Amino acid sequence: MAYYFKETSHTFNEYLLVPGYSSSECIPANVSLKTPLVKFKKGEEPAITMNIPLTSAIMQSVSGEKLAVALAKEGGVSFIYGSQSVEDEANMVARAKGYKAGFVVSDSNVTPDSTLKDIVDLKEKNGHSTIAVTSDGTFKGKLLGIVTSRDYRISRMSLDTKVSSFMTPLENLIVGDEDTTLKKANDIIWDNKLNSLPIVDKNGNLMYFVFRKDYDAHKENPNELLDDKKRYIVGAGINTRDYEQRVPALVNAGADVLCIDSSEGFSEWQSRTIDYIRGKYGDTVKVGAGNVVDKEGFLFLAKAGADFVKVGIGGGSICITRETKGIGRGQATALIDVCAARDEYFEETGVYVPVCSDGGIVHDHHMTLALAMGADFMMLGRYFARFDESPTNRVSFNGNYYKEYWGEGSNRARNWQRYDLGGDKKLHFEEGVDSYVPYAGSLKDNVALSLSKVRSTMCNCGSLNLPDFRKNAKLTLVSATSIVEGGAHDVIQKETSLGTIK
């Protein structure tokens, strides 16, 4: 006879936190969100500690190199998607690792034979007012000049005017060489009243721009997550099929941590993949595994050598695994079960294996609930897909902006490796949908707002760090009527029903 879990499967929306005693020390500014990313032994420090408990999902529509840099600036880690060629993923990782804080690779470039129309189109597409003029129109071609908004007037010039006739030529520019540090670059900018400083190599090829406006932005990233060479920490996704080719390429590209991307992690395929990594690299290469939804699945992966374990099957906003296959578990129940297993494992072995909650986060307060239930950090897809830095297109419908967002199990992504059970190398049926999410602006602004809510709630519960929060949090299940009571009710909201009242 089948085994039946006695407890009902619950979601985050069915729980509330009960406030605890808050001392005068409990203010958001005193809250630390530092959390381990990878396993460690009792009394030791983890090899990688994040400054915020957020990672981005291993998805085509979420985690590209831009988001990897943006999230690392805030203190989290992005896992660059693996459903692309080994070479393309390794190049993405290398570009993210090669990013130097304050040094910007130009993505708006033209040749001298380009026209004013090309400049206007580029500015509309990328929103950048400084455009490099290079010999071949690429970001690493020989620098010949730059074009800024001060160099042209659309009302007074023909759109077919050649760039060469109005650009600021190289001989009139101040440039830095490849040995120019960020401090020196900023000194040059301020001393010469420049808006930007091009950096070129010894052959005159463009390397980077340093912008005046980025000076303050760099100072505003106190949580940025850096390796010992002052490069941003970057993660990458792998699968259980081509790991013998993909893992070495990603390690050589500089990936700091890997994660097996699979819809279901309680399988021999995952242990084989981890065995290969341990046999080739020992413990020097960090790799997370999953996804699982119960104690048994967690223990399997922990004993197999996973550096962290992901929890969640079917809870993602674009995931239809539960509908199509009838497997999964409510995210809150799964997380509580697995985190209890993690704590037991730590008591028995002295090895702490962090737990990542993957899926089911709809509202910001769900993040706080996940952390209270025991998650060391979260992996988010829909949340990050809404931002400027995600790799998808921004589209407009009826005056509102949206961004494209599709699941790895959709026909669009066709990431068969993620759902592989050892059969034909193809996606037999969809386990994800193709969709849109409301555009939300920059990652930095949104992450700051979300985490301010987390810190505030932790203070309400009397906790100033995540270990204490997990230990002291009090949670209660809520009824359907209680959920309704928790929102605005029995009032007429001005903005939705009556418009603006004058």
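The values are calculated or read from the model by the stated rules, or taken from the named source; none is laboratory data. This structure is a prediction, so every number in the text was calculated from the model and none was measured. Counting neighbours? That spans all protein chains shown, and the Cβs are built from the backbone with ideal geometry, glycine included. We work out accessible area using only protein heavy atoms, side chains counted, and drop any ligands, DNA or RNA first. Shrake-Rupley method; radii C 1.70, N 1.55, O 1.52, S 1.80 Å.
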Checklist entry - Restricting attention to region 419-428, does a residue exist that is open to solvent by less than 40 Å² (accessible area, probe 1.4 Å), assigned to a helix (DSSP H, G or I), modelled with pLDDT under 95 and under 24 Å from I80 (Cα atoms)? => result yes
Item to check | 1 or more residues over 12 Å from the mean Cα position of the chain (by Cα) and small (G, A, S): qualifying helices (runs of 4 or more DSSP H) within region 34-146 | outcome: 86-98
Checklist entry - For region 441-463, what are the residues that are aliphatic (A, V, I, L, M) and crowded, with 18+ Cβ neighbours inside 10 Å? => result L443, V447, L451, V454, M458
Next on the checklist: With modelled with pLDDT of 95 or more and basic (K, R) as the only criterion, which of K142, K117 stands out?
Outcome noted: K142
Checklist entry - Among the residues of region 481-500, is any in contact with a helix residue (DSSP H, G or I) (Cβ under 8 Å, 6 or more places away or on another chain), modelled with pLDDT under 60 and part of a loop (DSSP other than H, G, I, E, B)? => result yes
Item to check | The lone exception for D187 - which of (1) open to solvent by 80 Å² or more (accessible area, probe 1.4 Å); (2) charged (D, E, K, R); (3) part of a helix (DSSP H, G or I) it fails | outcome: (1)
Checklist entry - Does region 154-161 contain any residue that is loosely packed, with under 14 Cβ neighbours inside 10 Å and either in contact with a strand residue (DSSP E or B) (Cβ under 8 Å, 6 or more places away or on another chain) or in a strand (DSSP E or B) (or both)? => result yes
Checklist outcome for this item: Condition set exposed (fewer than 14 other Cβ atoms within 10 Å of the Cβ) and modelled with pLDDT of 90 or more, scope region 202-225, selection nearest to T49 (Cα to Cα): answer is K202
Next on the checklist: Can you list residue pairs whose Cβ atoms sit under 8 Å apart, with the first residue in region 166-195 being of a type in the set (V, I, T) and the second being assigned to a loop (DSSP other than H, G, I, E, B)? Count only pairs 6 or more apart in sequence or on different chains.
Outcome noted: T168/T148; I174/N192; I174/L194; I188/I174; I188/T180; I188/L194; I189/N195; I189/R212
Checklist outcome for this item: Here the residues within region 251-285 that are closer than 22 Å to D228 by Cβ, assigned to a helix (DSSP H, G or I) and small (G, A, S) are A253
Item to check | Qualifying positions in region 341-383 - β-branched (V, I, T), in a loop (DSSP other than H, G, I, E, B) and open to solvent by 10 Å² or more (accessible area, probe 1.4 Å) | outcome: I361, V362
Next on the checklist: Anything in region 283-337 that is of a type in the set (V, I, T) and modelled with pLDDT of 95 or more? List them, or say none.
Outcome noted: T284, V285, V287, V292, V293, V309, V311, T333, I336
Checklist entry - Do we have any residue at all in region 54-62 that's farther than 29 Å from S435 by Cβ and not hydroxyl-bearing (S, T, Y)? => result no
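Are any residues in region 227-238 at pLDDT below 95 and either in a loop (DSSP other than H, G, I, E, B) or acidic (D, E) (or both), and if so, which ones?
D227, D228, K229, K230, R231
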Checklist entry - What do you reckon, is V69 surrounded by 19 or more Cβ atoms within 10 Å (Cβ to Cβ) and in contact (Cβ under 8 Å) with a residue 40 or more places away in the chain? => result yes
Checklist outcome for this item: Residues in region 251-283 that are buried (at least 20 other Cβ atoms within 10 Å of the Cβ), farther than 23 Å from G407 by Cα and hydrophobic (A, V, I, L, M, F, W, C) total 4
